[in-house]
1. Which of (1) free of Cβ contacts under 8 Å to residues at least 60 places away in the same chain; (2) surrounded by 23 or more Cβ atoms within 10 Å (Cβ to Cβ); (3) touching a helix residue (DSSP H, G or I) at 6+ places or on another chain (Cβ under 7 Å) is the odd one out, the single condition residue 97 does not satisfy?
2. List the strands (runs of 3 or more DSSP E) that sit entirely inside the range 1-84 and contain at least 2 residues that are under 26 Å from residue 122 (Cα atoms).
3. Restricting to the range 142-175, name every residue that is touching a helix residue (DSSP H, G or I) at 6+ places or on another chain (Cβ under 8 Å), in contact (Cβ under 8 Å) with a residue 40 or more places away in the chain and over 16 Å from residue 66 (Cα atoms).
4. Checking the structure you have, find out if any residue of the range 21-39 is touching a residue at least 12 places away in the same chain (Cβ under 8 Å) and farther than 27 Å from residue 11 by Cβ.
5. When you check residue 106 against the structure, is it in contact with a helix residue (DSSP H, G or I) (Cβ under 7 Å, 6 or more places away or on another chain), touching a residue at least 40 places away in the same chain (Cβ under 8 Å) and over 23 Å from residue 145 (Cβ atoms), yes or no?
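None of the figures in this text is laboratory data; all of them are computed from the coordinates on show. Worth saying up front: this structure is predicted, and the values here are computed from it rather than measured. Cβ sites come from the backbone with ideal geometry, for glycine too, and all protein chains shown count toward neighbours.
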């Protein structure tokens, strides 16, 4: 593809308003270039460069944690009805239970989204999937290094895995409960 879109006085390959040069793939709206990522194929809590990249009912929204910018991730629109969407209530889309209003997406739209309240997408990705060394002492092995977004806890007598902090069951994936008897509380493995 060529430089067929005028944006702020320059010719670029694509932008948030015109991704037609990219065909069925998406435009990296920040770089204003086409990618080789198909539209509508990126799932929840995965990095993204365009709203069109996210699966139906989701947008590419900025995430921060403890003041740290984490980039853009596909997250539910609160009004999404497709594919198990929140249908107006973020509490029905656990663990994406925190409603964030007036979020400007990477493509420049404004939406109310359902986000993670107490952790990051990286830590959620590590949940039950990443082994860690020592419970309570190896929390930095879980989630984003240097952030308090993941926890290392005991699964059984010989296995330790990453989990995420929680205040209630809504902060945990469906099927996992929040262990509020521990400090900090965490989603049971």
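1. (1)
2. On the way: elements: 5-7, 10-12, 25-28, 33-38, 58-65, 68-77.
Those strands (runs of 3 or more DSSP E) span 25-28, 33-38, 58-65, 68-77.
3. 170, 173
4. No, because not a single residue in the range 21-39 is touching a residue at least 12 places away in the same chain (Cβ under 8 Å) and farther than 27 Å from residue 11 by Cβ.
5. Considered against the rule, which asks whether it is in contact with a helix residue (DSSP H, G or I) (Cβ under 7 Å, 6 or more places away or on another chain), touching a residue at least 40 places away in the same chain (Cβ under 8 Å) and over 23 Å from residue 145 (Cβ atoms), residue 106 comes out as yes.
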